[in-house]
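I have placed the structure first, in the form of structure tokens, so that the comments after it can refer back to it.
The values are calculated or read from the model by the stated rules, or taken from the named source; none is laboratory data. Predicted model only: the values in this text are computed from it and were never measured. Reconstructed Cβ throughout: ideal geometry from the backbone, glycine too, with neighbour counts over all protein chains shown.
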Amino acid sequence: MKSATRFFFAIVLICATPAMADTMREAVLRKAALENGLRPAEETWPEFEPEMAAVGRLLFESELLSLTHNVSCRNCHLDEYGSADGLPLAHGAGGIGEGLERMKSPAGILSRNTLALWGRGGVGFDVFFWDGRVDASSGEVRSQFGIMAPSDDPLVVTVHLPPVEFREMIGESDSTEWLRQGDVSAAAWVLQEIARRIRETPEIAAPLAEASGMDVGELSYLQIAEAIAAFIRSEFRLRETAFHRFIFKGEPLSDQELAGGLLFYGRGRCSICHNGPYFSDLKFHVIPFAQFGFGFNGFGIDYGRYNFTQDQRDRYAFRTPPLYNVTKTAPYSHSGVEPDLAGAIRAHVDPLAKIDTSRLSALDRAEVYRKIAIWSLEPSYAVELSDAEITKLVAFLATLEYNPEPVQ
Ligand code: HEC
Ligand code: HEC
């Protein structure tokens, strides 16, 4: 080769290398995302009846669903907080306002962080709540209703629960004290009372009866729950994100986003649990987040999945949370203990950077070590991630955002 030609090839190589490397990194990321179950958003869309969804919206926003008439589903599932509420722990019955204002009001405080609703009830999304206490992954709905489950649709069963939870939609007072026994008949009484109120509210009862093909007098809480489930399926359907456009339409990602995506599917090991079309395996894992608040089990303890299975291996395990719009739903974890995404990621791989054991009681310290022992069997155990890498992962998570504008 003549030296001029050699020089020409050298220039071409120098210019081509970064671009080619980029294309290769893009190809690796596309392959990994598809292999880990990412699908176009529309493929997750469930069927629902638009008339039911329209009346479901009225019910979702109605305080009639709260026995003590002072909270609606909307009070905790707000658009401005990505369908959660922006609080570490949910503030229910008796609460006033949103955000910090609500924390100062005389609200009933729940033991868990509010979950977002994106994709819930979509194709294949059949395990609900942090602890999966409504679970249809076996093909049959398992829930606290046992064989009395009101429906074989797990989202409809899920929607039966918020109105019968103390502090969530039932305020604590002398007149509600007898319901505390928490058995199926007390729950049934509450749901019947709500159905009675709805039957007496013509602006909701008439369209609900019409959409359900029933007379107003026949309406029960089941039709109310079916309408709310239709609303959730319609309103919170997955929409296309920047990451979908990258995977399915060949649009570019920034360098940080690309690097974050490669970490997510590669060395960060995130996709071992955050996979499938919803970025969740809908299974249960132990990530040793610090605990905030009094906890589901009291004394600052939340045994998570164990509460429902009584299986020792499920202690401290929670359902892998889906990650759509996760940038909008701070704070994070089942008890909302992490104020930002970087902290939430750090807690997965390096919990002792987040938990100061010297400030804990002997009991809490023992709990931390028990949690860590179970975590040591999980794929995120002691994965090495620098702060710069965590920043890249956060940039990647931001590509999973979308706006809740209605689908055309
Ligand atoms: C006081 C605040 C509050 C109110 C009111 C409320 N929710 Fe929630 N919602 C939560 C919290 C907290 C969770 C997570 C609870 C858990 O997993 O233990 C949740 C979870 C859910 C889930 C499960 C999501 C998932 O990922 O599995 C659905 C569905 C839901 N709520 C729908 C509703 C509906 C419908 C209403 C009204 C009937 C309602 N919520 C009222 C706070 C609230
Ligand atoms: C072993 C399974 C597993 C792996 C691996 C994993 N996660 Fe998680 N992730 C979970 C579980 C379970 C939770 C909730 C735990 C809790 O609240 O106690 C969670 C919570 C989160 C949250 C908080 C979401 C919210 O709504 O509160 C984010 C963000 C997150 N993970 C991102 C990641 C990233 C990024 C990686 C990779 C570095 C990763 N996860 C690896 C299982 C996993």
Can residue 281 be described as in contact with a Cys (Cβ under 8 Å, 6 or more places away or on another chain) and closer than 30 Å to residue 79 by Cα? yes
Please determine, by comparing only the residues of the range 361-381 that are aliphatic (A, V, I, L, M) and either farther than 11 Å from residue 287 by Cα or buried (at least 16 other Cβ atoms within 10 Å of the Cβ) (or both), which one is farthest from the chain's Cα centre (by Cα). 362
Inside the range 94-108, can you point out the residues that are surrounded by fewer than 16 Cβ atoms within 10 Å (Cβ to Cβ) and either not in a helix (DSSP H, G or I) or not charged (D, E, K, R) (or both)? 96, 97, 99, 100, 104, 105, 106
Given (1) surrounded by 18 or more Cβ atoms within 10 Å (Cβ to Cβ); (2) of a type outside the set (Asp, Glu); (3) not assigned by TED's automatic domain parsing to the domain that holds residue 88, residue 229 misses just (3)
Using beta carbons and a limit of 6 Å, which pairs, at least six apart or on different chains, have the first residue in the range 269-296 and surrounded by fewer than 21 Cβ atoms within 10 Å (Cβ to Cβ) and the second one in a strand (DSSP E or B) and at pLDDT below 95? 295/301
Pull up the range 350-360, narrow it to residues that are more than 12 Å from ligand 2 (Cβ to nearest atom) and outside any loop (DSSP other than H, G, I, E, B), then point me to the one that is surrounded by the fewest Cβ atoms within 10 Å (Cβ to Cβ). 358
Scan the range 83-96 and report the pairs whose first residue is free of Cβ contacts under 8 Å to residues at least 24 places away in the same chain and whose second residue is near ligand 1 (Cβ under 8 Å from one of its atoms), with Cβ atoms within less than 8 Å and a gap of 6+ or a chain change. 91/76; 91/85; 91/107; 91/108; 91/110; 96/107
Qualifying residues in the range 308-349 (those that are buried (at least 21 other Cβ atoms within 10 Å of the Cβ) and among the small types (Gly, Ala, Ser)) - the one farthest from residue 286 (Cα to Cα): 336
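Yes or no, residue by residue, for (1) among the basic types (Lys, Arg); (2) crowded, with 18+ Cβ neighbours inside 10 Å; (3) outside the structural domain of residue 56 (by TED's automatic domain parsing):
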site: 191; (1), (2), (3): no, yes, no
site: 205; (1), (2), (3): no, yes, no
site: 208; (1), (2), (3): no, yes, no
site: 211; (1), (2), (3): no, yes, no
site: 217; (1), (2), (3): no, no, no
site: 222; (1), (2), (3): no, no, no
site: 245; (1), (2), (3): yes, no, yes
site: 249; (1), (2), (3): yes, no, yes
